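Please read the structure below before turning to the comments.
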Amino acid sequence: MRRNQAIAILVVLPLLLATGGCGGDAGATEAAVTIAFEHLANDVPIVLGSETPYTNAAGNEFGTTRLSYFVSALTLTLTDGTEVTASGAHYVDHETDETRTYVLPVGVATGDLAQISFVMGLGPDLNVTGAFTSPPESLMEWPEMMGGGYHYMKFEGRYVDDADEPFNFMTHSGGLNGTDYSFEVVLDATGREVTEGATFILEMNLEEWFADPDTWDLNDYFNETHRGIMGDADAQASLMANGATVFSLGAP
Ligand SMILES: [Cu+2]
């Protein structure tokens, strides 16, 4: 028995040495990287509440009471072409501090960054009913009668309508009846560097959901006869288009 153990050690030891003991490429340094999520409206950090302190491109005054969403397949690309993708999804809720930092589950090679990209929402591979079994992620479920899966985003609040009255809105996005409305966001990250413990700030600029290319007058989307947009394919496609300019990288 002792002889077999000795042979086993002799076989395993060179393997450990060959892989550097950490599974990475010999010589490459890997860093732990964190993404921090910040939420802005009109360039200031949002404060949740029933007031309507912000203005969109259509001139609607609005405020927000809830913001939660998924990002997935977050990818860092270095200037030398090295690319690392964190598989799976990350849930963000403005009200829950721990969800607003995402320590990537993979090490990232150190070096100069070229871009940070991710999917806003859940691609078809992740947007499957039952994929999340516990809250808070499971609470994002999307109705089976609308195709199942999960909301990409719940951005709720209140705006001042044409009658000068406060009206509640729910900008809920998701895949609808089998159509995928998730989209890739690519942000230029040149000038930034991956170092051990680096944090990159990902900003969501809320008013941009309602502009560029499609200007949303909230009166058209949220009113007594059209209270929500979950079943509105045109609205979902419009959020997908407007979403291209919603995100930015914060100052290093
Ligand atoms: Cu909804």
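The values are calculated or read from the model by the stated rules, or taken from the named source; none is laboratory data. The structure presented is a predicted model; accordingly, all values stated were derived computationally and were not measured. Counting neighbours? That spans all protein chains shown, and the Cβs are built from the backbone with ideal geometry, glycine included.
When you scan the range 193-237, how many residues do you find that are loosely packed, with under 14 Cβ neighbours inside 10 Å and touching an Asp or Glu at 6+ places or on another chain (Cβ under 8 Å)?
1
Just to check your reading of the model, which residue among Gly123, Gly88, Gly130 is in the same structural domain as Glu184 (by TED's automatic domain parsing), in a strand (DSSP E or B) and more than 16 Å from the ligand (Cβ to nearest atom)?
Gly88
Of everything in the range 155-176 that's surrounded by fewer than 18 Cβ atoms within 10 Å (Cβ to Cβ) and under 22 Å from the mean Cα position of the chain (by Cα), which residue is nearest to the ligand (Cβ to nearest atom)?
Restricting to residues being surrounded by fewer than 18 Cβ atoms within 10 Å (Cβ to Cβ) and under 22 Å from the mean Cα position of the chain (by Cα), the top hit is Met170.
Exactly one of (1) out of contact with any Ser or Thr (no Cβ under 7 Å at 6 or more places or on another chain); (2) touching a residue at least 60 places away in the same chain (Cβ under 8 Å); (3) among the hydroxyl-bearing types (Ser, Thr, Tyr) is unmet by Thr82. Its number?
(2)
Filter the range 28-82 for residues that are of a type in the set (Asp, Glu), assigned to a strand (DSSP E or B) and at pLDDT 95 or above; which is nearest to Glu141 (Cα to Cα)? Walk me through it before giving the result.
At the first step, the residues of the range 28-82 found to be of a type in the set (Asp, Glu) are 30, 38, 43, 51, 61, 80.
Subset that is assigned to a strand (DSSP E or B): 30, 38, 61.
Next, from what is left, pick out any that are at pLDDT 95 or above: 38, 61.
Working: Glu38: 24, Glu61: 29 Å.
Only one residue fits best here, namely Glu38.
For Gly148, indicate whether it is at pLDDT 95 or above, over 24 Å from Ala251 (Cβ atoms) and within 16 Å of the ligand (Cβ to nearest atom).
Numbers: at pLDDT 95 or above: yes; over 24 Å from Ala251 (Cβ atoms): yes; within 16 Å of the ligand (Cβ to nearest atom): yes.
When the stated conditions are applied, Gly148 passes them.
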